[in-house]
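Trainee: Here you go, one structure.
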Amino acid sequence: MRYFIILLLLGLTVSSCYKLEDLTPNYEDGHSTIVYDLPGDTLATDGWEHQLENEDLFIRQRYYNSPWTDSIRFFPLDNELINGAINVNSSSENDIRWLNPSSSHPVAVVENDAYLNTTDNFHYIRRSDSWYQMEINVDFADTLQVDEDYEVNWRGFMAQAPRNPDMNWAYRNNRNNRVYVYNGIAWEVLVRSANYRNNMDFIEVQFSRSGKEAGLYSPLLFRFSDHWQHFLRDNADSLRYLRTDEWDLAFTGEFNGVVFLNNGQAKLSPASGSPLRHAIIMYEYGYDFMDEAPEDEFFDNRPADQMQITYDSQYGPGINSWFELGTTGIGKPFPYRAYYLRLQQPAGSTHKYLYGKLQLISMYKGAPEVLTDRNWPSPYMTFRYFIQKDGSRNLRTKD
């Protein structure tokens, strides 16, 4: 009995010596301001169809070297026909002239003639002197799988389909931003991630359900001093705010994940022409260790066109990147990366500059530490910052 008690006490002592460290992120430090789940443009679908219904299933096509995306409902509602070539030559469903069913393509046809093929039971439409398959041919059981053996012969970006196509030719239609592949009979919307021979993973195909409103992601402006935020919904908003000293950060791009500082000298920035000259320097080793801002000469030596925070991907490193976008399409933030800030103050202020630091933590709702669901709600920005109001470079936030 005494031997058992000694072993028990020894076990308790050893376990207490080797207590596992709690690795759960804790961003509270008593000095920094933490912004949790700031809603980005969650109404946007970045170019999805306008006829949206709750629980519709959509396919999204996105090129890694292009800023646009295009999404298409591929489960028809009731007797709805999906016109794969909609908007080509500014045409719509109302322009279709239906011909009699046939076992092959009719001859002597004109623009917008369509028919039901009795051999394969697909509908076809004549657009820009080419036949397009109207239904989207996809097996839902396979939609989440990448078919790496599926190869196409990429023909480029064109205003209309290339002439005399061969099997598996593919092109991007410049008029409706969709990608088509020739199946031997007609052009159909490409719905498989393909091996593009010399252009691996050139196109990303995603599937999701949506009840959102259609539209592009609108830039979100944010101001450190009072947490003011504003979406730029139209050109009038842009003219009113962008070239002013009324904001510090602009969350832009897909998922509002590309962040610009208000620096009017940056020609490619939404701030181009503003009176402010905010500056940034990336720091690799942890927000909590940023106790003092660099001297002005280091901020001054940074090119104006590098005052943004972007992301890394398999196609190359971004500028001051804060997350990595892998082949899964899920953004993974770099855990220790943070940024020194030098904020130019409006004319008449007590200090010419205020210094600070910033850490972008997550673009997903709830800021999950580990995420595997590519359809997790986003963008919901979580970040923390500290701005030293006395004008000094003291950025210590750990007591």
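Trainee: If you wrap a convex hull around the alpha carbons of region 319-368, what volume per residue comes out, as a whole number of Å³?
Mentor: Dividing the Cα hull volume of region 319-368 by its residue count gives 118 Å³.
Trainee: Under the rule a/c < 1.5 gives rounded, and otherwise a/b versus b/c splits prolate from oblate, where does region 264-399 land using the Cα gyration tensor?
Mentor: prolate
Trainee: Provide the descending list of Cα extents for region 220-275 along its principal axes, expressed in whole angstroms.
Mentor: The Cα atoms of region 220-275 stretch 26, 23, 21 Å along their principal axes.
Trainee: Given the peptides 309-318, 91-100, arrange them by the average over their residues of other C-beta atoms within 10 Å, most packed first.
Mentor: In decreasing order of mean packing, 309-318, 91-100 become 309-318, 91-100.
Trainee: Assign unit charges at the C-beta atoms only (+1 for Lys and Arg, -1 for Asp and Glu), then state the dipole size of region 259-379 relative to its Cα centre in Debye, rounded to the nearest 20.
Mentor: Dipole of region 259-379, to the nearest 20 debye: 460 debye.
Trainee: Something else now. What's the ranking of 272-279, 379-386 by average number of surrounding C-beta atoms within 10 Å, highest first?
Mentor: Packing proxy ranking, top to bottom: 379-386, 272-279.
Trainee: List the residues of region 371-399 whose backbone N lies under 13 Å from a point placed 7 Å from the Cα of His31 along the Cα-to-Cβ direction.
Mentor: Zone members listed by number: 385-399.
Trainee: Suppose a student asked you for the relative contact order of region 241-333, using Cα pairs under 8 Å spaced at least 6 residues apart; what percent would you report?
Mentor: Averaging sequence separation for qualifying contacts and normalising by length gives 21 percent for region 241-333.
Trainee: Just order 234-246, 101-113, 257-269 by mean Cβ neighbour count inside 10 Å, highest at the front, would you?
Mentor: 257-269, 234-246, 101-113
Read the figures in this text as sums done on the coordinates, not as results from a lab. If you're wondering where the values come from, they're calculated on a predicted model, not measured in any experiment. Counting neighbours? That spans all protein chains shown, and the Cβs are built from the backbone with ideal geometry, glycine included.
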